Amino acid sequence: MTWTTLLENLALSRSWQIGPESNAESYRLSVVSGDFGVSGIGRVEVAQFDSDGSGYAPRSFRTETWPLIIQCRKPFLFESQRVGFRVPTGFNPFVLKVETNNM
């Protein structure tokens, strides 16, 4: 299985960081660096966005130091598929690597 890097060093904050348009079916998220505190666990929120930047049903995923694979589908009536990422309030920012695949 071949993964293509979409975003190499995405510095997350509590504001949405919207990635480039992609028709990928699967996204692999892995933590590049960050200060997670004692627990070693961060959390990233993932949402799909239309081309005008309007959001669609954010979904939260726990991220650890190993890759996490998620499935994204183009929402009904959306013109494009952009995926956005952010850390929820109360979690420390970290750097994320995002890869795509059409499994």
Original post:
Once the other residues with Cβ under 13 Å from the Cβ of G55 are scored (Lys, Arg +1; Asp, Glu -1), what is the net sum?
Top reply: 0
Subject >> Local electrostatic count at G90 - Lys and Arg +1, Asp and Glu -1, tallied over other residues with Cβ under 13 Å >> reply: +2
**OP:** May I ask you to rank S13, S80 by accessible area, largest first, using a 1.4 Å probe over the protein chains only?
**Re:** S13, S80
**OP:** Rounded, prolate or oblate: pick one for the chain, where a ≥ b ≥ c are the square roots of the eigenvalues of its C-alpha gyration tensor, a/c under 1.5 means rounded, and failing that, prolate if a/b is larger than b/c, else oblate.
**Re:** oblate
**OP:** Kindly rank 2-10, 81-89 from highest to lowest mean number of other beta carbons found within 10 Å of each residue.
**Re:** 81-89, 2-10
**OP:** Using the Karplus curve 6.51 cos²θ - 1.76 cosθ + 1.60 with θ = phi - 60°, work out ³J(HN,Hα) for each residue of the range 15-25 in order, rounded to whole Hz, and write x for Gly and Pro.
**Re:** 9, 5, 10, 8, x, x, 5, 8, 9, 5, 8
Subject >> Surface accessible to a 1.4 Å probe, per residue, for the residues of the chain, Å² >> reply: 56
Subject >> Net lengthening on full extension, S33/W16 (0.36 nm per residue, minus Cα-Cα) >> reply: 4.3 nm
Original post:
For R28, what is the net charge nearby, where nearby means another residue's Cβ is under 15 Å from its Cβ and Lys, Arg count +1, Asp, Glu -1?
Top reply: -2
Original post:
Of all the accessible heavy-atom surface of the chain, with the other protein chains kept in place and a 1.4 Å probe, what percent is carbon and sulfur?
Top reply: 50
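The values are calculated or read from the model by the stated rules, or taken from the named source; none is laboratory data. Keep in mind it's a predicted model, so treat the numbers as computed, not measured. Because the Cβ atoms are built from the backbone with ideal geometry, glycine has one as well, and the counts that use them run over all protein chains shown. Accessible surface areas use protein heavy atoms only, side chains included; no ligands, DNA or RNA. Shrake-Rupley method; radii C 1.70, N 1.55, O 1.52, S 1.80 Å.
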